[in-house]
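Trainee: Supplied in structure tokens, the structure appears directly below.
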Amino acid sequence: MSNSGRVSLGDLRGKLTMLEIACSRCDRSGLLRLDRLIAEHGVGMGLPVLGQLLAGDCPRINRPGIYERCGVGFPQLPGLFMPRK
């Protein structure tokens, strides 16, 4: 993870083989191969940008209200980067 807290595809190498993507506001979800994502977008691709690219056809992506917008996210991330007690 970068000093800014931004996670890139390269940060996930060795941690997972499949990246889960899901929307918190609808039932859209899926699993994508990490090696393929890296080949297509590069190791430096940040996950916020990747999420927006992958959700580009969502009818909620450009809604004006923040609570109406697409809720694309990566459910696995908290478990990978949160400190363990």
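What follows is calculated from the coordinates using simple rules that are stated; it is not laboratory data. Small disclaimer: the values here were computed from a predicted structure and weren't measured. Counting neighbours? That spans all protein chains shown, and the Cβs are built from the backbone with ideal geometry, glycine included.
Trainee: Under a point-charge model restricted to the Cβ atoms of Lys and Arg (+1) and Asp and Glu (-1), what is the dipole moment magnitude of the chain relative to its Cα centre, in debye to the nearest 20?
Mentor: For the chain, the charge dipole is close to 260 debye.
Trainee: If Rh is defined by the Kirkwood formula over all Cα pairs and Rg also comes from Cα, what ratio Rg/Rh do you get for the chain?
Mentor: Numbers: Rg = 13.3 Å, Rh = 13.7 Å.
Radius of gyration relative to Kirkwood radius: 0.97.
Trainee: Compute the FRET efficiency between N62 and L32 as 1/(1 + (r/R0)^6), taking r as their Cβ-Cβ distance and R0 = 30 Å, and round to the nearest 0.05. Please report the intermediate quantities before stating the final value.
Mentor: On the way: r = 23 Å, r/R0 = 0.75.
After rounding, the FRET efficiency stands at 0.85.
Trainee: May I pose another question? Can you give the local net charge around E40? Use residues other than it whose beta-carbon is closer than 15 angstrom to its beta-carbon, Lys and Arg +1, Asp and Glu -1. Write out the running numbers ahead of the final one.
Mentor: Details: positive: R13, R33, R36; negative: D35.
Here the charged neighbours net out to +2.
Trainee: Relative contact order of the chain, please, whole-number percent, based on alpha carbon pairs below 8 angstrom and at least 6 residues apart.
Mentor: Working: 99 pairs, mean separation 27.8, N = 85.
Averaging sequence separation for qualifying contacts and normalising by length gives 33 percent for the chain.
Trainee: So between T17 and L53, what do we pick up on full extension, going 0.36 nm a residue minus the alpha carbon distance?
Mentor: 11.0 nm
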